[in-house]
Amino acid sequence: MAGEANTELEWHGAWARLALARPDKLNPLDWATVRELKGAVATIEARPEVYAVIITGRGRSFSAGGDLDGYINLYQNPDKFAAFLEDFFAMLNAIEVSSKIYIAAINGVCVAGGLELLLACDLVLAAASAKIGDGHLNFGQLPGAGGSQRLPRAVGLLRAKHLMLTGEFLSAADAKAIGLVNEVVPDGELDAAAVALVARLGEKSRAGLRGAKHLANLMLATDLATGLRQEIEFVHRYATTEPDATEGLMAFKEKRKPAFAR
């Protein structure tokens with residue numbers, strides 16, 4: 001286990017667990033924590049053998065969002081606040097474009113900056129008792145780390161506006177119903193469910209996982225026509241140069257389990 005004051009990074013062979021580790025403060029995403037997360041994501045990205053990452057929070061919260069006390073100081077120092085926002089943006093963007101699959105395991109409260117972290121991940125599991133929301137306006141704040149852009153893409157404009165304008169918290173079941181969560185699991189089974197999902201992903205082609213994430217994310221940065229053209233070009237290159245593509249077809253033909261590269 002590698003850890004700093006606010007986060008913990010654990011290596012589990014070909015996957016990693018990255019935890020927010022200030023449970024006494026409900027795992028705030030203050031500047032120090034954001035920088036630690038940014039560094040941890042870079043460290044993970046540099047390990048080619050790692051294909052998946054579980055992000056979670058220690059204690060009874062995933063993350064209650066930003067450090068409001070710290071914001072008072074940042075607001076009085078505009079240059080520092082701009083640097084904080086840039087670090088937060090860079091950290092979440094690195095997760096979104098990473099070659100790894102990031103799984104958010106939501107335990108307890110996930111609000112404001114916590115929701116923005118969730119939205120940058122690829123898959124989301126939530127404990128049944130989790131509460132998820134934007135919540136910025138409950139304290140006169142606005143989402144500044146991508147939440148206002150990623151949330152409408154995840155749940156639609158009207159639902160996003162409702163969550164942003166009302167500050168309402170959703171149950172895990174309601175969050176799943178609108179597309180914020182992939183799966184809800186009983187309390188106490190969240191970590192096991194996340195590890196089981198990592199194992200399922202581990203049976204797939206690593207190159208295929210990277211490619212599928214890349215293709216799905218095209219819609220975040222391109223219009224439909226451009227995305228369709230880029231899909232054709234990417235899939236042609238993948239199918240004609242990636243050994244796993246041929247191995248998958250041969251395994252199907254020979255009625256055996258594919259032996260993908262690791």
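Throughout, read-outs are computed from the coordinates displayed, never taken from laboratory work. Only a predicted model underlies this, so the values are computations on that prediction, with no experimental measurement involved.
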*Counting DSSP beta bridges with both ends in segment 56-210, the antiparallel % (nearest 5)*: 20
*Take the cross-link list Lys25/Lys131; Lys38/Lys161; Lys80/Lys100; Lys204/Lys257; Lys38/Lys131; Lys204/Lys255 and give me the ones stretching past 19 Å between alpha-carbons.*
Lys38/Lys161; Lys80/Lys100; Lys38/Lys131
*Cα gyration tensor, segment 20-133 - rounded (a/c under 1.5), prolate or oblate*: oblate
*Identify which of Asn77, Asn217, Asn93 has the largest mean-square fluctuation in a Gaussian network model of the chain, with springs joining Cα atoms closer than 10 Å.*
Asn77
*Among Ser61, Ser148, Ser99, whose mean-square fluctuation peaks in a Gaussian network model of the chain (Cα, cutoff 10 Å)?*
Ser148
_Gyration tensor (Cα) of the chain, equivalent ellipsoid semi-axes in angstrom_ = 32, 20, 19
*What does the convex hull of the Cα atoms come to per residue for segment 73-176, in Å³?*
100
_For segment 206-253, fraction of C-alpha pairs farther apart than 16 Å, in %_ = 43
*Which whole-number percent gives the relative contact order of the chain, counting Cα pairs below 8 Å spaced six or more residues apart?*
14
_Cα atoms only: what Rg and Dmax, in Å, come out for segment 161-200?_
12.9, 38
*Using θ = phi - 60° and Karplus 6.51 cos²θ - 1.76 cosθ + 1.60, couplings along segment 233-238 (whole Hz; Gly, Pro as x)*: 5, 5, 5, 4, 5, 4
*For segment 1-68, how big is Rg over Rh, using alpha carbon atoms and the Kirkwood form of Rh?*
0.98
_From the Cα trace of segment 176-244, what convex hull volume per residue do you get, rounded to a whole Å³?_
102
